[in-house]
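Scroll down for the structure; my scribbles are underneath it.
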Amino acid sequence: MNRSDTPRPRHRFLVTAGPTREPVDAIRFFTNRSSGRMGYSLARACVERGHDVTLITGPVAIKPPVGVEVVFVETALEMCAAVLDRVEGYNGLLMCAAVADYRPAEPHPGKRSKTPGDWILRLVRNPDILLEVDRLGYKGLRLGFAAEFGDPRERGRQKLEEKHLDLLAANDISRDELGMGAIQNAIWLMDRWGGSVAIGPADKGVVAMELVEHLEDAILRLAQDPK
Ligand code: CTP
């Protein structure tokens, strides 16, 4: 029997996608350029490979793929709570979201009107969701993304180690046509065993399909070599 004849195990993946919005007042917020396309493509690819998917998404302009359970959130704190509440029930956490690292310390209640002079805002740190999941002692597969300006490999490997990840997809966001906000992506996929492979440049859907095959292999490998 060759590999393609072997029935594939069905996994449960928790996928995060899109940006977060950090309120300044009732109508204004900080956010970033994430379109959600990479995370949504990943969710779709997981479903196409026969897996169960819950997608936790920040606000985006695209439709969620058919066949996934969707949880809509806005802020990093909401995304963090949504992940921590659910993650134990999943074989893999795929953290594709571009989570804001900071939020305004004191969002103004209602709409803030102009006052004479400058408006100085203080930002406070948001929790790092991957580190919070690590703190829970989560045993499933953890995939992170790293968006870097220039060659992302060195910083990507560092993030993989600092956040105790199993896989990290690192991409260069210095080119407008690739990565954050773009249709295509090109990633270096690094693993906890020291391996690394280039995927793309290609449409995010194509990159996602290839990525899911690596996720399946990594879950098998983790079962043989637990953390
Ligand atoms: N991430 C997270 N929680 C945050 C910020 C990021 O879980 N508060 C996750 C992202 O979803 C991604 C990974 O961490 O999978 C790396 O995100 P990135 O923003 O590149 O990393 P940071 O640790 O925020 O590093 P930097 O200082 O370069 O922004």
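Figures for the structure shown
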quantity: Formal net charge of residues neighbouring A218 (Cβ-Cβ distance under 11 Å; K, R +1; D, E -1); calculated: -3
quantity: Distance between region 21-79 and region 166-223 - C-alpha centres, whole angstrom; calculated: 18 Å
quantity: Burial order of peptide ranges 103-111, 62-70 (average beta-carbon count within 10 Å, highest first); calculated: 62-70, 103-111
quantity: Sparsely packed chymotrypsin sites (Phe, Trp or Tyr not before Pro) within region 61-132, loop by DSSP, other Cβ within 10 Å at most 13; calculated: W119
quantity: Mean separation of Cα contacts under 8 Å (6+ apart) over length of the chain, as relative contact order %; calculated: 19 percent
quantity: Debye-sum result for the chain in log10 I(q)/I(0), which assumes one identical scatterer on each alpha carbon, at q = 0.14 Å⁻¹; calculated: -0.87
quantity: Computed helical MRE - 222 nm, the chain, DSSP H runs ≥ 4 contributing -39500 (n - 2.57), nearest 500; calculated: -8500 deg cm²/dmol
quantity: Accessible surface, per residue, of the chain when the full set of protein chains is kept, probe 1.4 Å, Å²; calculated: 53 Å²
quantity: Lysines whose Cα lies under 28 Å from that of K163, excluding same-chain neighbours fewer than 8 positions away; calculated: K139, K204, K227
quantity: Carbon + sulfur, % of accessible area of region 1-78 - ligands and nucleic acids excluded, 1.4 Å; calculated: 52 percent
quantity: Low-density loop positions, chymotrypsin sites (Phe, Trp or Tyr not before Pro), region 136-224 - DSSP coil, at most 16 other Cβ in 10 Å; calculated: F149, W193
quantity: Per-selection Kirkwood Rh - region 154-227 (Cα, Å, 1 d.p.); calculated: 12.9 Å
quantity: Distance in nm between pseudo-label sites at V124 and R12 (7 Å out along the Cβ direction from Cα); calculated: 3.3 nm
quantity: Cα gyration tensor, region 117-174 - rounded (a/c under 1.5), prolate or oblate; calculated: oblate
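The values are calculated or read from the model by the stated rules, or taken from the named source; none is laboratory data. Since we're looking at a predicted model, the values are computed, not measured. A quick note on method: Cβ atoms are made from the backbone with ideal geometry, for glycine too, and the neighbour counts reach across all protein chains shown. For accessibility, only protein heavy atoms count, side chains too; no ligands or nucleic acids. Shrake-Rupley method; radii C 1.70, N 1.55, O 1.52, S 1.80 Å.
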